[in-house]
Amino acid sequence: MRHRRDTIIWCLLFTVFFIIVLITLSKLVCGDSWAMPVEDGPGPVRTAKQDALHEAAELLRAAGYTDTDEPILALQAAWAREQGDLDILAKVIEYEAGDCPWDHKVAVAAVVLNRVASPAFPDSVYDVVGQPGQYHSMYLSGFSGVRRSSYEAARAAMDGNHDVPADVFWQAQFPQGKSIWWVSYVNTGWYSSTTFFCRGLPYGEG
């Protein structure tokens with residue numbers, strides 16, 4: 001009886017130790033994204049692509065693959081890249097449109113993604129946001145202060161749940177590009193702003 005009790009205790013201690021190791025590793029791999037606030041909803045925000053990658057990894061595990069096998073490592077790397085884009089877009093939204101209406105928030109992220117998809121701009125979220133004279137380098141790191149609502153808007157943009165045309169490349173307090181797609185008027189009670197979302201490639205192109 002005592003032997004059985006000791007065995008149970010050791011199993012519990014091992015389980016706790018294993019959980020602590022997993023949490024530590026997850027923080028090392030995922031960084032500040034795990035510190036995302038949840039004041040307006042439970043659990044982390046994940047994109048549809050992340051869910052699909054996770055499901056694919058689970059199917060491989062069920063088929064006998066381990067986390068050290070190349071197929072699962074590839075899925076984990078893709079998942080991490082998607083999380084990196086989500087983190088950056090959420091911070092862009094937080095600082096560019098943190099107190100703006102939902103459609104405005106999503107449009108801000110959609111502009112970045114439209115640029116990524118265009119050959120006229122860099123081909124990654126990181127490089128588009130880090131492009132000189134466009135956004136701010138502070139958006140590329142330090143995500144612990146970003147609100148959940150900004151993550152949810154970033155997810156909506158990444159999942160394609162919006163109606164922003166693919167050639168809307170500009171978001172500013174003045175018109176630019178070839179034409180204005182939408183003008184967002186925001187008045188929060190303590191500040192007001194007008195943001196132009198405009199279509200067209202960079203000057204001299206297209």
Worksheet item: Residues in the stretch 183-195: is at least one modelled with pLDDT of 90 or more and within 16 Å of R115 (Cβ to Cβ)?
Response: no
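Would you call E94 modelled with pLDDT under 95 and out of contact with any Cys (no Cβ under 7 Å at 6 or more places or on another chain)? Spell out how you get there, then give the answer.
Working: modelled with pLDDT under 95: yes; out of contact with any Cys (no Cβ under 7 Å at 6 or more places or on another chain): yes.
Yes; evaluated as a whole, the condition is true for this residue.
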Response to the item:
Going through (1) surrounded by 19 or more Cβ atoms within 10 Å (Cβ to Cβ); (2) modelled with pLDDT under 95 one by one, G204 fails only at (1)
Worksheet entry | Filter result for the condition that a residue is farther than 20 Å from T47 by Cα, in contact with a helix residue (DSSP H, G or I) (Cβ under 9 Å, 6 or more places away or on another chain) and free of Cβ contacts under 8 Å to residues at least 60 places away in the same chain, over Q134, Q83, Q76 | Q134
Worksheet item: Looking at (1) polar (S, T, N, Q); (2) touching a helix residue (DSSP H, G or I) at 6+ places or on another chain (Cβ under 6 Å); (3) in a strand (DSSP E or B); (4) loosely packed, with under 15 Cβ neighbours inside 10 Å, which is the only condition S184 fails?
Response: (4)
Worksheet entry | Failed criterion for C198 (all others in (1) touching a helix residue (DSSP H, G or I) at 6+ places or on another chain (Cβ under 8 Å); (2) assigned to a strand (DSSP E or B); (3) at pLDDT 95 or above hold) | (1)
Item to complete: Could you identify the single residue in D103, D69 that is more than 28 Å from V186 (Cβ to Cβ) and surrounded by fewer than 21 Cβ atoms within 10 Å (Cβ to Cβ)?
Response: D69
Item to complete: Could you list, in sequence order, all residues of the stretch 124-164 that are out of contact with any Leu (no Cβ under 7 Å at 6 or more places or on another chain) and aliphatic (A, V, I, L, M)?
Response: V128, M138, L140, V146, A153, A156, V164
Worksheet item: Of the conditions (1) within 19 Å of A90 (Cα to Cα); (2) surrounded by 11 or more Cβ atoms within 10 Å (Cβ to Cβ), S137 fails just one. Which one is it?
Response: (2)
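The values are calculated or read from the model by the stated rules, or taken from the named source; none is laboratory data. Keep in mind that this is a model prediction, so the values were computed, not measured. No Cβ is skipped: glycine too gets one built from the backbone with ideal geometry, and neighbour counts run over all protein chains shown.
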